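Everything on this sheet refers to the single structure shown next.
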Amino acid sequence: MFVRAIYTTGDPTKIDTAIRALNTEGRDLLEDRPGYRGASVFADRTLGKLLAASWWETEEARRNSDEVLRERRAAMLDPFLGTVAVENYEALVFHQVRQPLAGGGLRVSRLEFDPRDTDLLADTFRASVLPRFETLPGLARASLLVDRERGRGMVGVLFVDQPSLAASRAGQAAARHEGAAKAHVTVVGLEEFEVIYTDVRGD
């Protein structure tokens, strides 16, 4: 699958307006598009951050869908919008244990690596990192997204509730340290979000 991730920062007091727009108009714009596989919205209400992702069967479907959203994006996010960054990824791993629910937690690790090590990263994640994630109580989903050309990636790990997210920090830190060393990657960012909505058809 292929993913478009929209990372937005803005006024925390106006974030709910943007959330409502993404969950209604945003989803309506996407759901009838060819190749659509689902969408997710995550929020950090304290700092005023939104992470929205749409999932697609092919790279072409993702690219074509952006033509629909590009002009509407700013209007949907207004008046919350302060900054916006759009990134495109290939989903090398999508492992769902159970359906994540609203109110759950997402931890995002942002990665940089030599593009020549992309396959090493994927193999290490499947063989070493994912089995350790599966021992974490409350795990709902784990995914590895990469931009092969730029050597950037994102690991997203979802938990069923906020206590599980908090309890997993030490365990995931150990897995992250081991995986980064084996795969020759650098972790350049670590963030946590509340799950607002997610419904992705992985199979």
* Asked: Hey, among 69, 51, 92, which residue is touching a residue at least 40 places away in the same chain (Cβ under 8 Å) and touching a Gly at 6+ places or on another chain (Cβ under 8 Å)?
  -> 69
* Structure fact -> Quick count over the stretch 23-46, residues being open to solvent by less than 30 Å² (accessible area, probe 1.4 Å), closer than 18 Å to residue 62 by Cα and either of a type in the set (A, V, I, L, M) or free of Cβ contacts under 8 Å to residues at least 12 places away in the same chain (or both), is 3
* Residue selected from the stretch 151-191 under the condition open to solvent by 60 Å² or more (accessible area, probe 1.4 Å) and under 15 Å from the mean Cα position of the chain (by Cα), by the criterion farthest from residue 139 (Cα to Cα) -> 152
* Give 191, 112 a once-over and let me know the one that is in a strand (DSSP E or B) and more than 30 Å from residue 17 (Cα to Cα). => 112
* Of the residues that make up the stretch 134-142, is at least one of a type in the set (A, V, I, L, M), surrounded by fewer than 21 Cβ atoms within 10 Å (Cβ to Cβ) and part of a loop (DSSP other than H, G, I, E, B)? -> yes
* Answer yes or no: is there a residue in the stretch 168-183 that is touching a helix residue (DSSP H, G or I) at 6+ places or on another chain (Cβ under 7 Å) and outside any helix (DSSP H, G or I). => no
* Provide a single number: the residues in the stretch 105-145 that are of a type in the set (A, V, I, L, M, F, W, C) and farther than 20 Å from residue 163 by Cα. => 11
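Conditions tested, residue by residue: (1) farther than 19 Å from residue 201 by Cα; (2) acidic (Asp, Glu).
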residue	(1), (2)
44	yes, yes
57	no, yes
60	no, yes
65	no, no
70	yes, no
76	yes, no
82	yes, no
85	yes, no
91	no, no
* **Tally, over the stretch 35-86, of residues that are of a type in the set (Asp, Glu) and under 15 Å from residue 9 (Cα atoms)** => 2
* Asked: Residues 167, 74, 181: which one is free of Cβ contacts under 8 Å to residues at least 24 places away in the same chain and touching a strand residue (DSSP E or B) at 6+ places or on another chain (Cβ under 9 Å)?
  -> 74
* Looking at this structure, is residue 127 more than 25 Å from residue 62 (Cα to Cα) and modelled with pLDDT of 95 or more? -> yes
* Structure fact -> Exactly one of 4, 62 is modelled with pLDDT of 90 or more, of a type in the set (Lys, Arg), under 16 Å from residue 198 (Cα atoms) and open to solvent by less than 60 Å² (accessible area, probe 1.4 Å), and that residue is 4
* Structure fact -> For residue 95, the lone unmet condition from (1) surrounded by fewer than 19 Cβ atoms within 10 Å (Cβ to Cβ); (2) assigned to a helix (DSSP H, G or I) is (2)
* Can you name the number of the only condition in (1) of a type in the set (A, V, I, L, M); (2) part of a strand (DSSP E or B); (3) within 18 Å of residue 193 (Cα to Cα) that residue 102 fails? -> (2)
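The values are calculated or read from the model by the stated rules, or taken from the named source; none is laboratory data. Here the structure is a predicted model, which is why all the values come from computation and not from measurement. Every residue, glycine among them, receives a Cβ derived from its backbone with ideal geometry; neighbour counts consider all protein chains shown. Just so you know, the surface numbers come from the protein's heavy atoms only, side chains and all, with ligands and any DNA or RNA stripped out. Shrake-Rupley method; radii C 1.70, N 1.55, O 1.52, S 1.80 Å.
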